[in-house]
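The values are calculated or read from the model by the stated rules, or taken from the named source; none is laboratory data. In this text, all values refer to a predicted model and were calculated from it rather than measured experimentally. Here the Cβ positions follow ideal geometry from the backbone for every residue, glycine too, while neighbour counts run over all protein chains shown. Only protein heavy atoms, including side chains, enter the accessible area calculation; ligands, DNA and RNA are left aside. Shrake-Rupley method; radii C 1.70, N 1.55, O 1.52, S 1.80 Å.
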Amino acid sequence: MTPSSHFGKPTSRIEAGAKVAGIAKYAGEYNVPRLVHGFVVSSAIAKGRIKRIDTADALAVEGVLDVLTHAHRPELASSDEKYKDEIAPDGSPFRPLYDEKIRFSGQPVALVLAEELEIARFAASLVRIEYEAQPYVTDFEAERKRGAVLQPENAPSHSRGNPAGAFAQAPVRVKAEYRMSVEHHNPMEPFATTAVWEGDGRITVYDKTQGPQNSRNYVADVCRMPRDKVRVLSPYVGGGFGSGLRPQYQLPLAVLAARALQRSVRVTLTRQQMFTLGYRAGIVHELALGADSAGRLASFLHHTVAMTSQFEEFQRNFVQWSSLLYRCPNAELRQRLVKLDQNTPCDMRAPGGAEGMYAIECAMDELAYAAKIDPLELRLINYSDTDQMENRPYSSKALRECYRQAAEKFGWPKRSAEPRSMREGNDLVGWGMASGIWEAMQLKASARAVLTANGSVEIASATADIGPGTYTMMAQIGAELLGVPLESVTVKLGDSSLPDAPVEGGSFTTSSVGSAIHGACRAVQKELLQLAQKAAESPLAGAKLDDVLFVDGKIRHNRDPKREVSVADAMRAGKADRIEKEATAEPDEDSKYSHYTHSAVFAEVRVDAELGVIRVARVVSAVAAGRILNPKVAGSQILGAVVGGIGMALHEETSTDHRFGRFMNHSLAEYHVPVNADVHAIDVIFVEEEDDEINPLGVKGVGEIGIVGTAAAIANAVYHATGKRVRDLPITLDKLM
Ligand code: MOS
């Protein structure tokens, strides 16, 4: 690529002004005339059936318009296929207000519709429900111990060599179980849908979602409307972390109510109700690592058991990561599930990777102590240049450089190896490290680019921007390729009527949508050059696309800068006032390479020697993710994800009250996340990594990598500080006492 004026430049979010000024509207903020407010009534039991719903008292309240229940609602689709969204796991998706069955505590069982939100909420308290309760299971550990564990058909698994035999013979061994709690995403913006009844058979829906087309297809299918009569918009999303990947139940409820009343309806969930959506599944890892006395891995066994619901088999790849990172001739990787009477878990930042790498990197730390080798040195001894799952090389892997730069910045060589050996006053100081890895995925996506004779550009795609800076990324690519200032680019996204794009997730938006924008802009360039060459004696006569640059609103010959034509002149010559192109980009299925993003994370903790209070004093995260288009917003992604990793290590945990089969700490007061006082120095380093194989932009994506390995680095630092190995996240102070 030619020298860039936009790529690699720290650029503030182009929509920042709109957000700061409160102009950016979120799904629950669209006010339309005669808007009806819906309030969800949630099931009080975990399993059973509704015997009777008495809505008379609620309906008697002045201002209440209707109460929808499974027995009183417009028709809903009746086959699983219609309820399966773009990323639905195997199984039979939950159907809101479908029948009398209760599948989890907090399940929506009625929707009260009223002229005012307060009236709807009050009337919801008057809906009387008689349940027939049935026995339920919500105790993950108890189910696992009693062997109620299933082997899903599509579970990732891998085995090579003779792992059990090699483990038995290894002179250095580690065998341990690691646990992680249920976590909830808790984005700032609550889930909300405003369904605008257009009165002509069409419905316009403002939804909190990471995928407007996923929501559009789902809600049209479920509510039995033609997809082209439904338009879903989500121009701004106040955080997601994965919770908005699948359509949530407020969406079909709002649309169903709009159809029932033929009026516009808004349904907003409360913070408590957001704990009835998906969550990061609790998981137990069993690891057994064998190595020779020089620390070379001989055997790697990693078995997991994770939670899912009774009706869907949610699972991600928890176990593959060790075979991508560490050379080892013998391995056995297996995953199983326990079914609980809870809602289905869902993706939460780096799903699979954050969980798997916590356990793998803690076990590697334990192996380092067992082999009396520095933890960083152990990673380098076992460094793998190939993907042992697929038996192929990486398109790029600058992980060695991540280790080197992060270790240097952190000061790792000054570490004393012994646990409890770095005391400072009353603080036990601990230094820990871990590796990070995440998939560099690309999905099929389309985008449109429009260049106007006055030099303005519009870039459009149906993706969302849940906060990582997607608007800005799209504008930067348009500006770069078409040679205009960033201010000349408008971006349209978060609208199901725009060119097709997948949900925003998996760190794949820049590679997927970015590649499509690249394709669309290249098509505009090509046509613009042709127009420029239509002028009599065009200065660019005979030039090929690769001979010219698009800069400063001009097409310029790259070997002879005097040969140039402005965009306006080119359009005039070609008698055009705009060029509009759409392109679709797909990953190269024939690639002979594996594509991954890597990181090295180093953490310092300070543990109060008497009270056990843990403070994460410093984190250094060095990331190799291909080309970084925008170090400012990419850096913020890593910062935020490191904070998520601190939460995973020390704070976040949703507990179940098994007497009711219900998550009990369902508020921001009782579900702890790191606050400012918990977050100290975080250094982000982007390590240079060129990758011209992966996609035309050479990008990998940075949405998730920052959380992977962070919890392990902190847990390892806590061990180094205290000499106590807590294998159960979050590490709360009671576990250290
Ligand atoms: Mo993320 S869990 O890919 O939204």
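When Asn217 is tested against (1) outside any helix (DSSP H, G or I); (2) modelled with pLDDT of 95 or more, only condition (1) is not met.
For (1) buried (at least 24 other Cβ atoms within 10 Å of the Cβ); (2) modelled with pLDDT under 95; (3) assigned to a loop (DSSP other than H, G, I, E, B), each residue gets a yes or a no:
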{"position": "Thr304", "(1), (2), (3)": "yes, no, no"}
{"position": "Arg349", "(1), (2), (3)": "yes, no, yes"}
{"position": "Ala354", "(1), (2), (3)": "yes, no, no"}
{"position": "Tyr358", "(1), (2), (3)": "yes, no, no"}
{"position": "Met364", "(1), (2), (3)": "yes, no, no"}
{"position": "Arg400", "(1), (2), (3)": "no, no, no"}
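Total residues in segment 581-600 satisfying the condition of being crowded, with 16+ Cβ neighbours inside 10 Å and closer than 24 Å to Leu498 by Cβ: the figure is 5. Has segment 664-676 got any residue that is open to solvent by 30 Å² or more (accessible area, probe 1.4 Å) and touching a Leu at 6+ places or on another chain (Cβ under 9 Å)? For segment 664-676, residues open to solvent by 30 Å² or more (accessible area, probe 1.4 Å) and touching a Leu at 6+ places or on another chain (Cβ under 9 Å): present.
Filtering segment 10-31 to residues that are surrounded by fewer than 16 Cβ atoms within 10 Å (Cβ to Cβ) and either in contact with a strand residue (DSSP E or B) (Cβ under 9 Å, 6 or more places away or on another chain) or in a helix (DSSP H, G or I) (or both) leaves Ala16, Gly17, Ala18, Lys19, Val20, Lys25, Glu29, Asn31. For first residues located in segment 156-176 and without any contact (Cβ under 8 Å) to a residue 40 or more places away in the chain, partners that are β-branched (Val, Ile, Thr) and lie 6+ apart or on another chain with Cβ distances below 7 Å do not occur.
Within segment 468-475, is even one residue modelled with pLDDT of 95 or more, open to solvent by 10 Å² or more (accessible area, probe 1.4 Å) and outside any helix (DSSP H, G or I)? Yes - at least one qualifying residue is present in segment 468-475. Can you say whether Glu115 is over 24 Å from Pro190 (Cβ atoms) and modelled with pLDDT of 95 or more, as far as the supplied structure shows? Judged against the criteria, Glu115 is not a match. Note on segment 609-627: residues that are open to solvent by less than 50 Å² (accessible area, probe 1.4 Å) and not hydroxyl-bearing (Ser, Thr, Tyr) total 12. When the criteria are applied in full, Tyr326 fails the requirement of being within 16 Å of the ligand (Cβ to nearest atom), among the aromatic types (Phe, Trp, Tyr) and in contact (Cβ under 8 Å) with a residue 12 or more places away in the chain.
Scan segment 417-436 and tell me whether some residue there is more than 16 Å from the ligand (Cβ to nearest atom), in a loop (DSSP other than H, G, I, E, B) and open to solvent by less than 20 Å² (accessible area, probe 1.4 Å).
Just the residues of segment 417-436 that are more than 16 Å from the ligand (Cβ to nearest atom), to begin with: 417-435.
If we keep only those that are in a loop (DSSP other than H, G, I, E, B) as well, we get 417-423, 425-426.
Still in the running and open to solvent by less than 20 Å² (accessible area, probe 1.4 Å): none.
No.
Of these, Arg95, Arg52, Arg34, which one is part of a loop (DSSP other than H, G, I, E, B), surrounded by fewer than 15 Cβ atoms within 10 Å (Cβ to Cβ) and in contact (Cβ under 8 Å) with a residue 40 or more places away in the chain? Spell out the reasoning first.
Numbers: Arg95 fails: surrounded by fewer than 15 Cβ atoms within 10 Å (Cβ to Cβ); Arg52 fails: part of a loop (DSSP other than H, G, I, E, B).
So the residue among Arg95, Arg52, Arg34 that is part of a loop (DSSP other than H, G, I, E, B), surrounded by fewer than 15 Cβ atoms within 10 Å (Cβ to Cβ) and in contact (Cβ under 8 Å) with a residue 40 or more places away in the chain is Arg34.
For segment 215-238, a residue qualifies if it is surrounded by 21 or more Cβ atoms within 10 Å (Cβ to Cβ) and closer than 14 Å to Ser497 by Cβ, and the qualifying residues are Ser215, Arg216, Ala220, Val230, Val232, Leu233, Ser234.
Residue count for segment 704-737 satisfying the condition of being within 17 Å of the chain's Cα centre (by Cα) and over 17 Å from Glu183 (Cβ atoms): 1. Only one residue in Glu480, Glu418 is out of contact with any strand residue (DSSP E or B) (no Cβ under 7 Å at 6 or more places or on another chain), modelled with pLDDT of 95 or more and under 23 Å from Lys724 (Cα atoms). Which one? Being out of contact with any strand residue (DSSP E or B) (no Cβ under 7 Å at 6 or more places or on another chain), modelled with pLDDT of 95 or more and under 23 Å from Lys724 (Cα atoms) holds for just one of Glu480, Glu418, which is Glu418. Taking the numbered list (1) among the aliphatic types (A, V, I, L, M); (2) within 16 Å of the ligand (Cβ to nearest atom); (3) free of Cβ contacts under 8 Å to residues at least 40 places away in the same chain in turn, Val182 passes all entries but (3). A Cβ distance below 7 Å, combined with a sequence gap of six or more or placement on separate chains, defines the contacts here; from segment 450-466, residues that are over 26 Å from Ala568 (Cα atoms) reach residues that are polar (S, T, N, Q) in the pairs Ala462/Gln213; Ala462/Ser496; Thr463/Thr470; Thr463/Thr509; Ala464/Thr209; Ala464/Gln210; Ala464/Ser234; Ile466/Gln210. Taken over segment 682-706, residues that are open to solvent by 10 Å² or more (accessible area, probe 1.4 Å) and within 16 Å of the ligand (Cβ to nearest atom) amount to 4. Of all residues in segment 505-530, those that are within 26 Å of Arg349 (Cβ to Cβ) and open to solvent by 10 Å² or more (accessible area, probe 1.4 Å) have Cβ atoms under 8 Å from Cβ atoms of residues that are in a helix (DSSP H, G or I) and away from the ligand (no atom under 13 Å from the Cβ), 6 or more apart or on another chain, in Thr509/Met473; Thr510/Met473.
Considering (1) outside any loop (DSSP other than H, G, I, E, B); (2) within 16 Å of the ligand (Cβ to nearest atom); (3) open to solvent by 10 Å² or more (accessible area, probe 1.4 Å), the lone condition that Leu245 does not fulfil carries the number (1).
Applying a threshold of 6 Å to beta carbon distances and a minimum spacing of six or more residues, or different chains, the list of pairs starting in segment 692-718 at a residue that is within 25 Å of Tyr369 (Cβ to Cβ) and ending at one that is part of a loop (DSSP other than H, G, I, E, B) and away from the ligand (no atom under 16 Å from the Cβ) reads Val718/Ile731. Note down all Cβ pairs under 8 Å where the first residue falls in segment 367-393 and is closer than 18 Å to Ala176 by Cβ, the second is among the β-branched types (Val, Ile, Thr), and they're at least six residues apart or on different chains. As it stands, the answer is Leu367/Val172; Leu367/Val174; Ala370/Val172; Ala370/Val174; Ala371/Val172; Ile373/Ile381, since those pairs meet every condition given.
Scan segment 628-642 for residues that are open to solvent by less than 40 Å² (accessible area, probe 1.4 Å) and assigned to a helix (DSSP H, G or I) and jot them down. Show your work before the answer.
First pass over segment 628-642, keeping only residues open to solvent by less than 40 Å² (accessible area, probe 1.4 Å): 628-630, 633-635, 637-638, 640-642.
Of everything in segment 628-642, those that are open to solvent by less than 40 Å² (accessible area, probe 1.4 Å) and assigned to a helix (DSSP H, G or I) turn out to be Val633, Ala634, Gly635, Gln637, Ile638, Gly640, Ala641, Val642.
The criterion of at least 1 residues that are over 24 Å from Gln273 (Cβ atoms) and open to solvent by less than 60 Å² (accessible area, probe 1.4 Å) is met by the following helices (runs of 4 or more DSSP H) wholly inside segment 107-205: 140-145, 163-169.
What do you reckon, is Arg266 more than 16 Å from the ligand (Cβ to nearest atom) and open to solvent by 10 Å² or more (accessible area, probe 1.4 Å)? The answer is yes for Arg266.
Only one of the numbered conditions (1) over 41 Å from the mean Cα position of the chain (by Cα); (2) open to solvent by 20 Å² or more (accessible area, probe 1.4 Å) is not met by Val565, and that is (2).
Residues of segment 484-512 that are more than 14 Å from the ligand (Cβ to nearest atom) and hydroxyl-bearing (Ser, Thr, Tyr): Ser488, Thr490, Ser496, Ser497.
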